[in-house]
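The structure under discussion appears below in the form of structure tokens.
Just so it is clear, none of the values below were taken in a lab; they were calculated from the coordinates. If you're wondering where the values come from, they're calculated on a predicted model, not measured in any experiment.
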């Protein structure tokens, strides 16, 4: 009789240990999947922002007239820079379309390049020298860009996203 109680007790304890191991393995798997998704989102966001920052830091560089920014609205910015390698003035546009949920980069009159890395939002706010919001291209002295990137894969039913915002104060404005 005592050996049956010991066997039953051992089976219950063994089952509880097995359940703890399986639960732990499941939690590690979920955490690992979440980290991979977050890493992909951050990588996509970094790719977009590095490209954009490279262009925006040169906004107005060597432009002699007062039209460094040629188009400015909430989903678009178009500006001029002088290309050091060709010594020509280039016009660069970044704009977002909700119909394709993509950010586009257009240089001069070339075909726009679609930046399709899961961008779900792109906004630009423009400020004058006093920090007040302005819509006048001639008064713009700084601007803020915000981008949201979202993975198409939903983890546990929720989309994974990352948000980036930066204020630019180009010296050439």
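Below is a table of values for the structure above.
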| item | result |
| --- | --- |
| Rg over Rh [alpha-carbon atoms, Kirkwood Rh] for the stretch 99-164 | 1.11 |
| Among 157, 54, 14: highest mean-square fluctuation, GNM of the chain, C-alpha pairs under 10 Å | 14 |
| Rg/Rg_globular for the stretch 42-168, with Rg_globular taken as 2.2 N^0.38 Å and Rg from C-alpha atoms | 1.11 |
| The chain: most fluctuating residue of 42, 138, 150 per GNM, C-alpha cutoff 10 Å | 138 |
| Between helix 2-56 and the chain: long-axis angle, C-alpha atoms, 0 to 90°, nearest 10 | 10 degrees |
